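Q: Attaching a single structure in structure tokens format; questions to follow.
The values are calculated or read from the model by the stated rules, or taken from the named source; none is laboratory data. None of the values given here were measured: they were computed from a predicted structure. All Cβ positions, glycine included, derive from the backbone under ideal geometry; neighbour counts span all protein chains shown.
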């Protein structure tokens, strides 16, 4: 377990070599830039805002084009392609492809324009279809909707809000004329024609004399008459036919544009590369904007892991004629943190990073954490069948796809080791998809086959499992205190190691040993052994010494004796937190029992359908679905609660964190990775 030692690096280069030097360092991906202000020494910094904005715009254009290609011409990829990782590209291939940058942007703009046109045409089709829908009630009309009549007659075209019969309309109209005193006026006569009628609306054409246009319209309004919202200068049938022709033309254009987008999908690889290219340029110009420069040269400063310093020195000096200085970091400087662990422990580095990176004065706890992490995870899931599935699935993906994303590979390796632990504890506790072997053998073969656990079965002996969980928790917590002891000694704080660790070892450890020497505790815990009274007395003395030591030295930061004693008593009250921490490990029992019980329930449900062919098929269906759900839910539970035990109970005893993760200037690409020759 270790944090890689860091060095400071300064690179002095000619401006003529600036582009090639920065691109080389970006491909190296092992130097974190440091923003140093040298303006007082007549250095200046470039304003790269406009260039970076232009690159971001180009990247968005290309990314949007790729999204459009995926919409109209989805890329056919294998189901497990997510494990394949990024495509490898050499430096020579990189520069050869960069020459097509203008072509790629032109293609992307064409794709975006075609998609925009398709969207406009689609919106136009929707509008035209709405217009056709509005015309449907008027299809029997032989005149345009905006027709006003002849020299002597007027046509009133509109709707009333009811389903109407012609006789009812005439009666209603005549009644209105009578109320207005116009019943005997022949000039007010009108002819009604019902064009369509349905619940809630009737479409009418009413013919009347031009001389009485206003009077007739007034009467019609009294009937709820209103003019249509959509009008046209063409006969409705002809207008609908014309609109349908426009829709047909739009659909043909959409098909043409879609075909053109599909044809342009042959440039998908180029577009992907250019997305990565502009992403790299954005990052490069961010660094370029922080460079200290003069008229003919520039200075690049940053952090570099000591193990890579010699290589970078040789590359920059030999290939790019740069002057490079590498020197130690000041004592008061807080360098970024880069973890380095063996292949067994490195997978759980992501768990540590989720919490916080270690600060300058702390050790990297990844190795010790990994031992407990795999142990606790397997103990929570504890089914040999589930563990075997995890082992096979993770091993297959890791071996089949060696170039997968490093972060994903770490996660798969972590679950691979968790699978081994799960399989181990499943064998120890006798869990093989719950009691599947027993159920299958008795239900379908008429003979019960039992695989006895190598240790014991938690479902039948939960108290024993609970005591074991508490014992694991005590070891885990004491390991955290041990790391605190080591860090204190390493920093020369011997008193802190004694006061903050040794006294707690004496108090908590002595109290536990003393309890194990009492008959009441042994009976309650169901232990098969008992500590001798002499050992119990010695443990009681140790616990007393620890308690007195905590009271006397727990508040040593205070010079006032009374406050010092009060703080010491308060520190002693912390024994309750140790009790609650130990009790937290009862979740090992809870999750282990949950996995086993739910698995057995699904096995019993599957066996309810009998032992025939149909029963076997239904059993298989219930078995697969049930155990898939059980494994998924309890995998998530084991992951969450294992993390919690690390973050709260373990880290809480020694770990402060606060370090900054090493973030090198690198090619943070989405589709390709580059191989430096």
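Q: I'd like to know if the stretch 152-160 contains one or more residues that are loosely packed, with under 12 Cβ neighbours inside 10 Å and in contact with a helix residue (DSSP H, G or I) (Cβ under 9 Å, 6 or more places away or on another chain).
A: yes
Q: Let me ask another. Going by the structure shown, is residue 63 free of Cβ contacts under 8 Å to residues at least 60 places away in the same chain, surrounded by 12 or more Cβ atoms within 10 Å (Cβ to Cβ) and assigned to a helix (DSSP H, G or I)?
A: No.
Q: Got a sec? Which of 623, 650 is within 32 Å of the chain's Cα centre (by Cα) and closer than 28 Å to residue 512 by Cβ?
A: 650
Q: Output the number of residues of the stretch 287-316 satisfying the condition of being assigned to a loop (DSSP other than H, G, I, E, B) and at pLDDT 90 or above.
A: Qualifying residue count for the region: 0.
Q: Of 284, 253, which residue is modelled with pLDDT of 95 or more and touching a helix residue (DSSP H, G or I) at 6+ places or on another chain (Cβ under 6 Å)?
A: Exactly one residue qualifies, and that residue is 253.
Q: Kindly list, by first and then second residue, each pair from a residue in the stretch 514-536 that is in contact (Cβ under 8 Å) with a residue 40 or more places away in the chain to a residue that is part of a loop (DSSP other than H, G, I, E, B) and loosely packed, with under 14 Cβ neighbours inside 10 Å, limited to pairs with Cβ atoms under 9 Å and residues at least 6 apart or on different chains.
A: Qualifying pairs under 9 Å: none.
Q: How many residues are farther than 16 Å from residue 18 by Cα and in a strand (DSSP E or B) when one looks only at the stretch 317-339?
A: Matching residues across the stretch 317-339 total 5.
Q: Quick check, is residue 145 buried (at least 17 other Cβ atoms within 10 Å of the Cβ) and under 30 Å from residue 206 (Cα atoms)?
A: yes
Q: Let me ask something additional. If a residue must be in contact (Cβ under 8 Å) with a residue 40 or more places away in the chain and either in contact with a strand residue (DSSP E or B) (Cβ under 8 Å, 6 or more places away or on another chain) or closer than 13 Å to residue 121 by Cα (or both), how many such residues does the stretch 235-258 contain?
A: Counting residues in the stretch 235-258 that are in contact (Cβ under 8 Å) with a residue 40 or more places away in the chain and either in contact with a strand residue (DSSP E or B) (Cβ under 8 Å, 6 or more places away or on another chain) or closer than 13 Å to residue 121 by Cα (or both) gives 8.
Quick grid of which residues meet (1) surrounded by 18 or more Cβ atoms within 10 Å (Cβ to Cβ); (2) under 30 Å from residue 473 (Cβ atoms):
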| residue | (1), (2) |
| --- | --- |
| 317 | no, no |
| 329 | no, no |
| 359 | no, yes |
| 379 | yes, yes |
| 382 | yes, yes |
| 396 | no, no |
| 408 | no, no |
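Q: Being over 30 Å from residue 247 (Cβ atoms), in a helix (DSSP H, G or I) and either in contact (Cβ under 8 Å) with a residue 40 or more places away in the chain or within 60 Å of the chain's Cα centre (by Cα) (or both) is the filter here; which residues of the stretch 123-176 pass it?
A: Correct list: 169, 172, 173, 176.
Residue by residue, here is whether (1) on the phi > 0 side of the Ramachandran plot; (2) part of a strand (DSSP E or B); (3) surrounded by 14 or more Cβ atoms within 10 Å (Cβ to Cβ); (4) in contact with a strand residue (DSSP E or B) (Cβ under 9 Å, 6 or more places away or on another chain) holds:
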residue	(1), (2), (3), (4)
13	no, yes, yes, yes
16	no, no, no, no
30	no, no, yes, yes
56	no, no, yes, no
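Q: Which members of the stretch 521-548 meet the condition of being at pLDDT below 90 and either in a helix (DSSP H, G or I) or touching a strand residue (DSSP E or B) at 6+ places or on another chain (Cβ under 9 Å) (or both)?
A: Answer for the stretch 521-548, where residues must be at pLDDT below 90 and either in a helix (DSSP H, G or I) or touching a strand residue (DSSP E or B) at 6+ places or on another chain (Cβ under 9 Å) (or both): 521, 522, 523, 524, 525.
Q: Okay, moving on. So if I check each of 377, 344, which one is within 22 Å of residue 423 (Cα to Cα), part of a helix (DSSP H, G or I) and touching a residue at least 60 places away in the same chain (Cβ under 8 Å)?
A: The unique qualifying residue is 377.
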